[in-house]
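S.K.: Below: one structure in structure tokens.
The values are calculated or read from the model by the stated rules, or taken from the named source; none is laboratory data. Since the structure is predicted, the reported quantities are computational estimates derived from the model, not experimental observations. Neighbour counts run over all protein chains shown; Cβ positions are idealised from the backbone, glycine included. For the accessible areas, the whole protein counts, side chains as well, though only heavy atoms, and no ligand, DNA or RNA atoms are used. Shrake-Rupley method; radii C 1.70, N 1.55, O 1.52, S 1.80 Å.
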Amino acid sequence: MPKLTFGRGCLAEAGVRASIRGMTRIALFTDHFLKDGEHVNTVTQSLSDNGLDVTVFSDIRIEPDDATIIDGARFLSGGKFDGVISVGGGSVIDTAKASMIYALHPADLTDYFAPPVGEGRPIPGPMLPHLACPTTSGTGSECTSVAVIRINALNTKFVLGSPYLLPDEALVDSGVCDSLPDNVVASTGFDLLCHAIECYTAKAYTRWQKVDDPSKRTLLQGANPWSDLAASKALEIVGQYLVRGVKDNTDHEARDKLMWGATLAGMAFGNSGTHLPHAMSYGVTHLMHDITTRDYAVASPFVPHGISVIVSAPAIFRHVAEASPERHMEAAEFLGADTRGAASEDAGELIAQKIIGLMKKTDAPNGLSGVGFNKDDAGKLAASSFRQKRAIENTPRAISLGDIETIYANAVNYW
Ligand SMILES: [Fe+2]
């Protein structure tokens, strides 16, 4: 875990925290929506109050791609920086992480991505000191050792992972959520929900093959007692506070809790890893066409990450829960489902109904049809998602290409 400070107003501590870390010349990563706004201003003011130099890099698109990373690495290489601060959602924090990799350890782009897309070379050494400041209640990237990057040539997203990517410190200021539109709180809330439930129901660490060489042990190791701690609490939070947090931006209790839930879910997925809902979300964002989303000033085609994950989730849990019904029943309970009198074979349906209820109450799209797909698209979506080998292997039930196609076909609409 990074050192973590949580609470309203803590962004103003950035200068002191950076000084203590020994930073003097700082590269600040943010995006063009945030760069002239209140949160970045709070951070830069705090840095200058503490006599620290700061240069801003804001050329970051939502869902950063390899071109973004190459630009970020070039920016870092030219600046003689001794520290990085990221202020933004997952796209910004992940860009900061990935840019440091290629600035400090230059290589061909795909060298550090896992097969089949890359060479799977381990990232060979440390990054610059990194202080991460999330501005949405979803990503959790401030406490993970992974970055998700879109590879343009393959037209989809893949994961970079290394213990060296874990930020050194995080300032999680829940006050930043007050200004988030309802639709953003809903999408990021569904991302956090899926991080938590995927970690809790992932293939257990005891089912992964034992490695002879401890250095070969995977970074993301399946459901385990440590990730269970954080994932179970995050599920309770999202079940209890998501609708309130979406509906009322003056409900500080709900928005604070969701921010904490996102951080907890990040702790879990940086350790356990996500599984099929995230793998299948990449097919959606690969093949989406002619779609925009309210409250996101992003050109078509665009589906927010959390929505791309949640649209298939009910159909996925209906399919996979039979592999470990007790775990799925517990997850349903954490989310707030009434499990009294339920049999173990009901676990997947209980989770599906709970998620569908939250989707309806937050005006989420009704499955894949709500984001522009129909049953005929299932085959193409499956072929795209099937490339996400790591996440598919972390699924509690063995999954074939045909299974994924069937699940997509069952995710077209729910009500
Ligand atoms: Fe996610």
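S.K.: Determine if the range 243-265 includes at least one residue that is closer than 21 Å to Met1 by Cα, outside any helix (DSSP H, G or I) and touching a Gly at 6+ places or on another chain (Cβ under 8 Å). Before you say what the answer is, go through the steps one by one.
M.R.: The first filter runs over the range 243-265 and keeps only residues closer than 21 Å to Met1 by Cα, leaving 256-265.
If we keep only those that are outside any helix (DSSP H, G or I) as well, we get none.
Looking through the range 243-265, none of the residues is closer than 21 Å to Met1 by Cα, outside any helix (DSSP H, G or I) and touching a Gly at 6+ places or on another chain (Cβ under 8 Å).
S.K.: Keeping to the range 134-173, report how many residues are assigned to a loop (DSSP other than H, G, I, E, B) and either farther than 10 Å from Ile93 by Cβ or within 16 Å of the ligand (Cβ to nearest atom) (or both).
M.R.: Here is the first cut: in the range 134-173, the residues assigned to a loop (DSSP other than H, G, I, E, B) are 135-140, 144-145, 152-155, 162, 166-168, 173.
Now narrow it down to the ones that are either farther than 10 Å from Ile93 by Cβ or within 16 Å of the ligand (Cβ to nearest atom) (or both): 135-140, 144-145, 152-155, 162, 166, 168, 173.
Residues that pass the stated criteria total 16.
S.K.: Tell me which of these Thr201 doesn't satisfy, since it passes every other one: (1) out of contact with any strand residue (DSSP E or B) (no Cβ under 6 Å at 6 or more places or on another chain); (2) at pLDDT below 95.
M.R.: (2)
S.K.: Check Pro115 against each of (1) open to solvent by 30 Å² or more (accessible area, probe 1.4 Å); (2) within 16 Å of the ligand (Cβ to nearest atom) and name the one condition it does not meet.
M.R.: Among (1) open to solvent by 30 Å² or more (accessible area, probe 1.4 Å); (2) within 16 Å of the ligand (Cβ to nearest atom), Pro115 violates only (2).
S.K.: Only residues that are open to solvent by 10 Å² or more (accessible area, probe 1.4 Å), within 11 Å of the ligand (Cβ to nearest atom) and under 20 Å from Thr136 (Cα atoms): list them for the range 279-306, please.
M.R.: His305 - this is the single residue of the range 279-306 that is open to solvent by 10 Å² or more (accessible area, probe 1.4 Å), within 11 Å of the ligand (Cβ to nearest atom) and under 20 Å from Thr136 (Cα atoms).
S.K.: With respect to Ala321, determine if the residue is away from the ligand (no atom under 16 Å from the Cβ) and within 29 Å of Leu381 (Cα to Cα). Give the derivation first.
M.R.: Working: away from the ligand (no atom under 16 Å from the Cβ): yes; within 29 Å of Leu381 (Cα to Cα): yes.
Yes: the conditions hold for Ala321.
S.K.: Where the second residue is open to solvent by 70 Å² or more (accessible area, probe 1.4 Å) and the first is more than 20 Å from Gly266 (Cβ to Cβ) and lies in the range 2-24, which pairs have Cβ atoms under 7 Å and are six or more apart or on separate chains?
M.R.: Gly15/Asp49; Thr24/Asp53
S.K.: Looking for something of a type outside the set (S, T, N, Q), in a helix (DSSP H, G or I) and under 30 Å from Arg8 (Cβ atoms) - is there at least one such residue anywhere in the range 334-350? Show your work before the answer.
M.R.: Our first condition is that a residue be of a type outside the set (S, T, N, Q); within the range 334-350, this holds for 334-338, 340-343, 345-350.
Okay, now just the ones that are also in a helix (DSSP H, G or I), so 334-335, 345-350.
From what is left, the residues that are under 30 Å from Arg8 (Cβ atoms) are 334-335.
Checked the range 334-350: at least one residue is of a type outside the set (S, T, N, Q), in a helix (DSSP H, G or I) and under 30 Å from Arg8 (Cβ atoms).
S.K.: Can you find a residue that is touching a helix residue (DSSP H, G or I) at 6+ places or on another chain (Cβ under 8 Å) and open to solvent by 50 Å² or more (accessible area, probe 1.4 Å) anywhere in the range 77-100? Step through it out loud before you land on a result.
M.R.: Taking the range 77-100 and keeping what is touching a helix residue (DSSP H, G or I) at 6+ places or on another chain (Cβ under 8 Å), we get 77, 83-87, 89-90, 93-100.
From the residues that got through so far, the ones that are open to solvent by 50 Å² or more (accessible area, probe 1.4 Å) too are 77.
Within the range 77-100 (the criterion being touching a helix residue (DSSP H, G or I) at 6+ places or on another chain (Cβ under 8 Å) and open to solvent by 50 Å² or more (accessible area, probe 1.4 Å)), the answer is yes, since at least one residue qualifies.
S.K.: Given the structure, is Asp363 within 28 Å of Ala230 (Cα to Cα), acidic (Asp, Glu) and touching a residue at least 60 places away in the same chain (Cβ under 8 Å)? Please lay out each step first, then the result.
M.R.: Values: within 28 Å of Ala230 (Cα to Cα): yes; acidic (Asp, Glu): yes; touching a residue at least 60 places away in the same chain (Cβ under 8 Å): yes.
Yes.
S.K.: So is Ile93 within 16 Å of the ligand (Cβ to nearest atom), in a loop (DSSP other than H, G, I, E, B) and of a type in the set (A, V, I, L, M) or not?
M.R.: On the way: within 16 Å of the ligand (Cβ to nearest atom): yes; in a loop (DSSP other than H, G, I, E, B): no; of a type in the set (A, V, I, L, M): yes.
Here the answer is no, as Ile93 does not meet what is asked.
S.K.: Here's another thing I want to ask about it. Does Lys361 count as within 22 Å of the chain's Cα centre (by Cα), under 18 Å from Ile197 (Cβ atoms), charged (D, E, K, R) and open to solvent by 20 Å² or more (accessible area, probe 1.4 Å)? Step through it out loud before you land on a result.
M.R.: On the way: within 22 Å of the chain's Cα centre (by Cα): no; under 18 Å from Ile197 (Cβ atoms): yes; charged (D, E, K, R): yes; open to solvent by 20 Å² or more (accessible area, probe 1.4 Å): yes.
Here the answer is no, as Lys361 does not meet what is asked.
S.K.: Quick check on my filter: what residues within the range 51-65 are part of a loop (DSSP other than H, G, I, E, B) and among the acidic types (Asp, Glu)?
M.R.: Restricting attention to the range 51-65, the residues satisfying the condition of being part of a loop (DSSP other than H, G, I, E, B) are 51-52, 58-64.
Passing the criteria: Asp59, Glu63.
S.K.: Conditions first: (1) within 16 Å of the ligand (Cβ to nearest atom); (2) surrounded by fewer than 24 Cβ atoms within 10 Å (Cβ to Cβ). Thr68 passes all but one, so which condition is the exception?
M.R.: Thr68 satisfies all of (1) within 16 Å of the ligand (Cβ to nearest atom); (2) surrounded by fewer than 24 Cβ atoms within 10 Å (Cβ to Cβ) except (1).
S.K.: Given the conditions (1) within 30 Å of His319 (Cβ to Cβ); (2) at pLDDT 95 or above, and given that Thr218 satisfies all but one, which numbered condition is not satisfied?
M.R.: The number of the failed condition is (2).
S.K.: So, one more: Given the residues Phe57, Phe29, which is the only one that is over 22 Å from Leu180 (Cβ atoms), of a type in the set (Phe, Trp, Tyr) and open to solvent by less than 30 Å² (accessible area, probe 1.4 Å)? Spell out how you get there, then give the answer.
M.R.: Values: Phe29 fails: over 22 Å from Leu180 (Cβ atoms).
Result of the check over Phe57, Phe29: Phe57.
S.K.: For the range 28-50, what are the residues that are assigned to a loop (DSSP other than H, G, I, E, B), over 15 Å from Gly90 (Cα atoms), in contact (Cβ under 8 Å) with a residue 12 or more places away in the chain and not basic (Lys, Arg)? I'd like the intermediate steps shown before the answer.
M.R.: Here is the first cut: in the range 28-50, the ones assigned to a loop (DSSP other than H, G, I, E, B) are 30-37, 50.
Now narrow it down to the ones that are over 15 Å from Gly90 (Cα atoms): 35-37, 50.
Restricting the remaining residues to those that are in contact (Cβ under 8 Å) with a residue 12 or more places away in the chain gives 35, 50.
Once the filter is applied, which keeps residues that are assigned to a loop (DSSP other than H, G, I, E, B), over 15 Å from Gly90 (Cα atoms), in contact (Cβ under 8 Å) with a residue 12 or more places away in the chain and not basic (Lys, Arg), the range 28-50 yields only Asn50.
S.K.: State all residues of the range 174-190 that are part of a helix (DSSP H, G or I) and open to solvent by 10 Å² or more (accessible area, probe 1.4 Å); if no residue qualifies, say none. Spell out the reasoning first.
M.R.: Within the range 174-190, the first condition is being part of a helix (DSSP H, G or I), and the residues that meet it are 174-179, 182-190.
Matches in the range 174-190: Gly175, Asp178, Ser179, Asp182, Asn183, Val184, Thr188.
S.K.: Inside the range 201-231, can you point out the residues that are among the aliphatic types (A, V, I, L, M), open to solvent by less than 60 Å² (accessible area, probe 1.4 Å) and not in a loop (DSSP other than H, G, I, E, B)? Write out each step before concluding.
M.R.: As a first pass, look at the range 201-231 and keep what is among the aliphatic types (A, V, I, L, M): 202, 204, 211, 219-220, 223, 229-231.
Among the residues that remain, those that are also open to solvent by less than 60 Å² (accessible area, probe 1.4 Å) are: 202, 204, 211, 219-220, 223, 230-231.
Listed by number, the residues that qualify are Ala204, Ala223, Ala230, Ala231.
S.K.: Test Ala262 against the stated conditions and say whether it is open to solvent by less than 20 Å² (accessible area, probe 1.4 Å), closer than 28 Å to Arg387 by Cα, of a type outside the set (S, T, N, Q) and within 16 Å of the ligand (Cβ to nearest atom).
M.R.: Details: open to solvent by less than 20 Å² (accessible area, probe 1.4 Å): yes; closer than 28 Å to Arg387 by Cα: yes; of a type outside the set (S, T, N, Q): yes; within 16 Å of the ligand (Cβ to nearest atom): yes.
Answer is yes for this residue.
S.K.: Something else now. Which condition does Met329 not pass, out of (1) within 20 Å of Gly222 (Cβ to Cβ); (2) within 16 Å of the ligand (Cβ to nearest atom), if it passes all the others?
M.R.: So the condition that Met329 fails would be (2).
S.K.: Also, quick follow-up: Before we move on, is Arg327 among the basic types (Lys, Arg) and within 24 Å of Val412 (Cα to Cα)? Write out each step before concluding.
M.R.: On the way: among the basic types (Lys, Arg): yes; within 24 Å of Val412 (Cα to Cα): no.
For Arg327, the condition - among the basic types (Lys, Arg) and within 24 Å of Val412 (Cα to Cα) - is not met.
S.K.: Name the pairs: first residue in the range 388-407 and part of a helix (DSSP H, G or I), second residue basic (Lys, Arg) and surrounded by fewer than 18 Cβ atoms within 10 Å (Cβ to Cβ), Cβ to Cβ under 9 Å, at least 6 apart or on different chains?
M.R.: Close Cβ pairs satisfying both conditions: Asp403/Arg397.
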